[in-house]
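Following: one structure in structure tokens, then a few remarks.
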Amino acid sequence: MGELDGRVAVITGSGRGIGFGIAERFAAAGAFIVIAEFDEGLGRQAEASLKARGYGVDFVHVDVRSSESVEAMRDAMVGGHGKIDILVNNAGLAQVGPTESFPLEDWHRQIDVMLTGVFLCTRSIGAHMLERGRGVILNISSIGGLGGWPLRAAYNAAKAGVISLTENVGTEWARRGVRVVGIAPGVTRTAILQQMVAEGRSTLERYNQRAALGRVAEVEEIASAAQFLVSDRASYITATTLVVDGGWTAWGNLPLT
Ligand SMILES: NC(=O)c1ccc[n+]([C@@H]2O[C@H](COP(=O)([O-])OP(=O)(O)OC[C@H]3O[C@@H](n4cnc5c(N)ncnc54)[C@H](O)[C@@H]3O)[C@@H](O)[C@H]2O)c1
């Protein structure tokens, strides 16, 4: 018996990276997985990979920025599977640059995907969960939402908003059977990290050294925390965000040695 047997889990942006790692982990724990992804190629690839291992999985195209797209995804999945037990708001992207010349469209893209997208999916699938009187919503924010970090005004403002949404909606729905929880990952080995290194924003060595544990996170380590938070083991946890950052935030701005 898997811990998530019989649960239907919608994971946004799960074509690759942290979202796909969470999908693999939840599938191994018995959940039926909905790969809710904007990039059709990535989504189909992720679906095929889980199917080949014998897991129950559907790919559904979604743009979390669009209310119509999110509603259509919700209706198709509730229609097909009868219910949604778990929503993971994970879709994201990173665009960094000096605030004084930051393009408005890049500001909007990040706020739209990572803050408005979380609101739209939470509103739509949350309403379904409230009708059933049960469900868990897990929001993936970032350590970037917890403090200042040059060149990341839009990304970090979106993530700080997600941490606030988790607290606000979590308290609003706490007595109606729906938990809302979050993870703020530290720097994790995915395409976003590769992109930052390729753009010359930092080096893997610097990221490794900045974390107290002396290394960036692996996707499986974020996925492991995700499984705990959506499981019944976390039944008294709601309206809060778990920081999974290898001691990055606690280290603060003190010298590394
Ligand atoms: N990698 C890190 O170091 C790190 C650290 C902290 C937080 N995070 C957060 O974790 C989440 C996943 O990051 P990742 O590193 O796996 O990134 P990633 O780029 O590998 O994956 C993000 C996925 O989101 C999808 N997506 C983008 N826009 C979308 C949209 N409008 N609708 C639906 N899907 C969309 C992308 O196609 C992609 O598959 C993001 O929210 C990110 O901000 C990442």
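The values are calculated or read from the model by the stated rules, or taken from the named source; none is laboratory data. Just so we're clear, the structure is a prediction, and the values are computed from it rather than from any experiment. Heads up, the Cβs are rebuilt from the backbone with ideal geometry, glycines too, and the neighbour counts pull from every protein chain shown. With ligands, DNA and RNA removed, areas are computed over all heavy atoms of the protein, side chains included. Shrake-Rupley method; radii C 1.70, N 1.55, O 1.52, S 1.80 Å.
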All positions within the stretch 128-151 that are in contact (Cβ under 8 Å) with a residue 40 or more places away in the chain, in a loop (DSSP other than H, G, I, E, B) and under 18 Å from VAL96 (Cβ atoms): SER141, SER142, GLY147, LEU151
Close pairs (6 angstrom Cβ cut-off, 6 or more residues apart or separate chains): within 17 Å of VAL96 (Cα to Cα) in the stretch 194-212, assigned to a loop (DSSP other than H, G, I, E, B) and of a type in the set (A, V, I, L, M) anywhere: TYR207/VAL187; TYR207/VAL216
Residue count for the stretch 61-91, restricted to those that are within 19 Å of the chain's Cα centre (by Cα) and free of Cβ contacts under 8 Å to residues at least 12 places away in the same chain: 1
Any pair with Cβ under 8 angstrom, 6 or more apart, that starts in the stretch 32-60 at a residue that is under 11 Å from SER14 (Cβ atoms) and of a type in the set (Phe, Trp, Tyr) and ends at one that is more than 10 Å from the ligand (Cβ to nearest atom) and open to solvent by 20 Å² or more (accessible area, probe 1.4 Å): PHE59/ARG44; PHE59/GLU47
Matching residues, the stretch 6-36, being open to solvent by less than 10 Å² (accessible area, probe 1.4 Å) and of a type in the set (Phe, Trp, Tyr): PHE26
Residue match in the stretch 174-185 (condition: more than 13 Å from the ligand (Cβ to nearest atom), touching a residue at least 12 places away in the same chain (Cβ under 8 Å) and closer than 19 Å to ILE18 by Cα): yes
Within the stretch 37-56, considering residues that are hydrophobic (A, V, I, L, M, F, W, C) and surrounded by 17 or more Cβ atoms within 10 Å (Cβ to Cβ), the one nearest to the chain's Cα centre (by Cα): PHE38
Members of the stretch 99-127 that are in a helix (DSSP H, G or I), out of contact with any Leu (no Cβ under 8 Å at 6 or more places or on another chain) and open to solvent by 20 Å² or more (accessible area, probe 1.4 Å): GLU100, SER101, LEU104, GLU105, ASP106, TRP107, HIS108, ILE111, ASP112, THR116, ARG123, ALA127
Residues within the stretch 129-146 that are open to solvent by 20 Å² or more (accessible area, probe 1.4 Å) and away from the ligand (no atom under 13 Å from the Cβ), tallied: 5
